[in-house]
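Only one structure is covered here, and it is reproduced in the block below.
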Amino acid sequence: MRVSELLESRRAQWRELEELCVKMEGGSRRKVEAKTAIRFSSLYRSACADLALATAYQLPPETTDYLHRLVGRAHNQLYRSRSFQAATWGRQLLVDVPRRLFGDNYLRLAFGVFWGVFLLSMIMAYRVPGFAEQVVPREMILQMEEMYSEPIEGSGPGLGGGMVGFYVMHNAGIGLRCFAFGIFFGVGGLYAVLYNAATLGSVFGYMATTPQSDNFFHFVTAHGPFELTAVVLAAAAGMRMGFSLVDTRGLPRIASLRQAAQQAVPIIAVAVILFGMAAVIETFLSPSAAPYWIKAVVSVVSAGLLTFYFVVLGYPRGA
Amino acid sequence: MSDSSALDTAVEIITPENIAFRYRVAGPFRRLPAYLIDFGIRLTAWMITSVAVMIAFSSLGLPGFGLAATLIIIFALTWLYGGLFEALWNGQTPGKRLMNIRVLTVEGRPINGWQAVLRNVLRAADMMPLMFYLVGFLSAMLTPRFQRLGDLAAGTMVVVEEPKWFQGVIRLREAEVVRLAGQIPPGFQASRTTARALAAYVQRRPQFSAPRRAEIAGHLGRPLRRQFNLPPETNLDLLLAAVYHHTFVTDRREEERVVAAGSPFAPIATSPFAPPSEPADQAAPVES
């Protein structure tokens, strides 16, 4: 038996497989007939068998290389990405995530750091004159004072509703970046939490001392709970990833990171959803002329919803 | 093969069919152009859709919603473009498709939606500082599969998936080669590594000049010339070509033919995996 003859005898099928690959890569895969698909898979398996025996039978290296690529190419058409399993989303978001977060030490840490620093800098900014200027740039304070100098009398949703896009883009962007930087051993996430807590706390404390304080709290009350929780969640998801590199629970570091990242994805998804809800409130309710008690009710209801989500849905149950 | 993978950028994948095949991992010089192409596409899509959406909503008298939609589209293009494409296009974005690369899991399986989104969201960390991608570049240089941080966390890698033309046995037409091949003792059988070296040499010898051929062929040719008791003036380049001819093209010995009948390629035709053997000309109707 000659090697050259063997090659010739197999070549027709290899070429057929190649043609089928081109056809399937062309995007018309949904229309591939059952017959073609069956033919494809059997051609693929025989190409696999040829490759397995190629070295044993001393095929020229070029041919082996060709077979490696052919098999790889066909493999990627046969085993395709499963994209998103949307059916599991509801379960993930309403059952798995709250239960995971209920006993989540990273969330506790992020929550504690955020509110601790927030309250501390708020008190400092309120009691100590000049504290806020040291934490927040002077221009930002002047800008805030100017922004809230007019009472909120309901000029309608900001930019006729356009602000909802801005808030989603800006705030969810910060949240996602905060999550991504968490991979640097959690330091990124921790830094983002500290920075946001100190800045927001100082602004809150400072604004309370100014004549504009009424306008300011009138504006921030309604969307506060969703937005602040979202920041904390995003940071906690990032810390979960970053700290998994340090505390590996007995796994190799990279495997530990992979596991933590997989768990963190639905958490960051929840954070983005919260940012979206906060953006809607911030655009349509916060700047409106609605009396303060309505905004306070919205705030209390959203805080209640969050509590329900984290505590009632999250409370550990026997499996 | 495992020895070559140590210095190579190849990764070995074991398929569910229990076959090991190799992929080439994509390095920065393929991934950067792919990224830039995607960036250009994103920028263009952003400009076109934002203008279109703004005009559409303004004509409806709702400019505010037009602005909101535009900003949300920018957000989606920034954070979800790569993730959605990779999830729906089997691990490829338009840029990756043009550069013939694909994202797979480190086990060689296709990625799922979560992995696609995760590796693209973590791009924000890989881009640091600013847009210079230093973190991602460093991480790729330090890992054997060129993984940036997003790849490490999602358990993915980027491989080259380039079609390659079939190249079989090379037919040597030179009369001198055929004559020399006849002088090789019929019992001679090249070892596996020798056969590989011969094939590599014959593949490339058309690109070498005559003195260079003599120099390269000398390493293997001289011992073979001694072994075959050929006259010292035998051309070593042609001798190697003749041994190649003998190994890959000429009929093997009688007893080996018996072995061959029960070996690699013969049983495939009758194995359960093998497709019904169809002549090549009959393959055409299947295509249509």
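Summing Cβ point charges (Lys, Arg +1; Asp, Glu -1) relative to the Cα centre of the range B:2-160 gives a dipole of roughly 240 debye. Ranking A:Q212, B:I101, B:A197 by how far each Cα lies toward the positive end of the dipole of the protein assembly as shown (charges on Cβ) leaves B:A197 at the top. Taking label points 7 Å from Cα along the Cα-to-Cβ direction, A:I38 and B:E107 give a separation of 2.9 nm. Sites counted here are GluC sites (Glu not before Pro) in a DSSP loop (not H, G, I, E or B) having no more than 15 other Cβ atoms within 10 Å; the longest part of chain A that contains none of them is A:154-319. Residue by residue, the range A:86-102 carries 3J(HN,Hα) couplings of 4, 5, 8, 4, x, 4, 4, 6, 9, 10, 5, 5, x, 5, 5, 6, 4 Hz when phi is fed to the Karplus relation 6.51 cos²θ - 1.76 cosθ + 1.60 (θ = phi - 60°); x denotes Gly or Pro. Computed on the range B:175-258, the Cα convex hull volume stands at 95 Å³ per residue.
Placing +1 on each Lys and Arg Cβ and -1 on each Asp and Glu Cβ, with no other charges, gives the protein assembly as shown a dipole about its Cα centre of roughly 1420 debye. Less than 5 angstrom separates the built amide H of B:I101 from those of B:E161, all sequence-distant by 5 or more or on a different chain.
The distance separating the Cα centre of the range A:203-228 from that of the range A:243-301 comes to 21 Å. For the protein assembly as shown, the number of Lys pairs with C-alpha atoms closer than 18 Å, counting only pairs eight or more positions apart or on separate chains, is 4.
Note down, for the range B:151-216, the three equivalent ellipsoid semi-axes (square root of 5 times each alpha carbon gyration tensor eigenvalue), biggest first, whole angstrom.
On the way: eigenvalues 272, 54, 35 Å².
Values for the range B:151-216, descending: 37, 16, 13 Å.
How many partner chain Cβ atoms sit within 10 Å of a residue's Cβ in peptide B:111-121, on average, as a whole number? Spell out each step's value before the answer.
On the way: counts 3, 6, 8, 8, 5, 3, 4, 9, 1, 1, 9.
Across B:111-121, the average partner-chain Cβ count within 10 Å equals 5.
Using C-alpha pairs below 8 Å separated by at least 6 residues, the relative contact order for the range B:93-197 is 26 percent. The H on the amide N of A:G182, modeled in the peptide plane, is under 5 Å from the matching H of A:G189, each at least 5 residues off or on a different chain.
Given contacts defined as C-alpha pairs under 8 Å and at least six residues apart, what's the relative contact order of chain A, whole-number percent? Let's see the in-between values first.
Working: 354 pairs, mean separation 76.3, N = 319.
That works out to 24 percent.
Enter the mean number of other protein chain beta carbons within 10 Å of the beta carbon of each residue in B:86-96, as an integer. Write out the running numbers ahead of the final one.
Numbers: counts 2, 4, 3, 4, 10, 3, 3, 0, 0, 0, 0.
Mean inter-chain Cβ contacts per residue within 10 Å come to 3.
Rounded to the nearest 20 debye, the dipole size of chain A about its Cα centre is 1600 debye, using +1 on the Cβ of Lys and Arg and -1 on the Cβ of Asp and Glu.
For the range A:86-312, what percent of Cα pairs sit more than 34 Å apart?
On the way: 4371 of 25651 pairs.
Here the tail beyond 34 Å accounts for 17 percent of pairs.
Sort A:266-272, A:95-101, A:233-239, A:120-126 by packing, meaning the average of other beta carbons within 10 Å per residue, with the highest value first. Kindly include the intermediate steps, with their values, before the conclusion.
Values: A:266-272: 22.6, A:95-101: 17.9, A:233-239: 32.1, A:120-126: 19.7.
Descending packing order for the listed peptides: A:233-239, A:266-272, A:120-126, A:95-101.
Ranking A:M147, B:G40, B:S209 by how far each Cα lies toward the positive end of the dipole of the protein assembly as shown (charges on Cβ) leaves B:S209 at the top. Evaluated at q = 0.06, 0.07, 0.08 Å⁻¹, the base-10 log of the normalised Debye intensity for the protein assembly as shown, with identical point scatterers placed on the Cα atoms, takes the values -0.48, -0.60, -0.73.
Qualifying chymotrypsin sites (Phe, Trp or Tyr not before Pro) in the range B:9-42, where qualification requires a DSSP coil assignment and no more than 15 other C-beta atoms within 10 Å, are lacking entirely. Karplus-based coupling profile of the range B:60-68, in residue order and whole Hz: 7, x, 10, x, x, 5, x, 5, 4, with θ = phi - 60° in 6.51 cos²θ - 1.76 cosθ + 1.60 and x standing for Gly or Pro.
For the range B:176-185, 3J(HN,Hα) computed residue by residue from phi via the Karplus equation (6.51, -1.76, 1.60; θ = phi - 60°) reads 5, 5, 5, 5, 4, 4, x, 7, 6, x Hz, glycine and proline entered as x. Using C-alpha pairs below 8 Å separated by at least 6 residues, the relative contact order for the range B:2-160 is 23 percent.
Values quoted throughout were computed directly from the atomic coordinates according to the rules given, and no laboratory measurement underlies them. Remember, it's a predicted structure, so these values are computed and weren't measured experimentally. Every residue, glycine among them, receives a Cβ derived from its backbone with ideal geometry; neighbour counts consider all protein chains shown.
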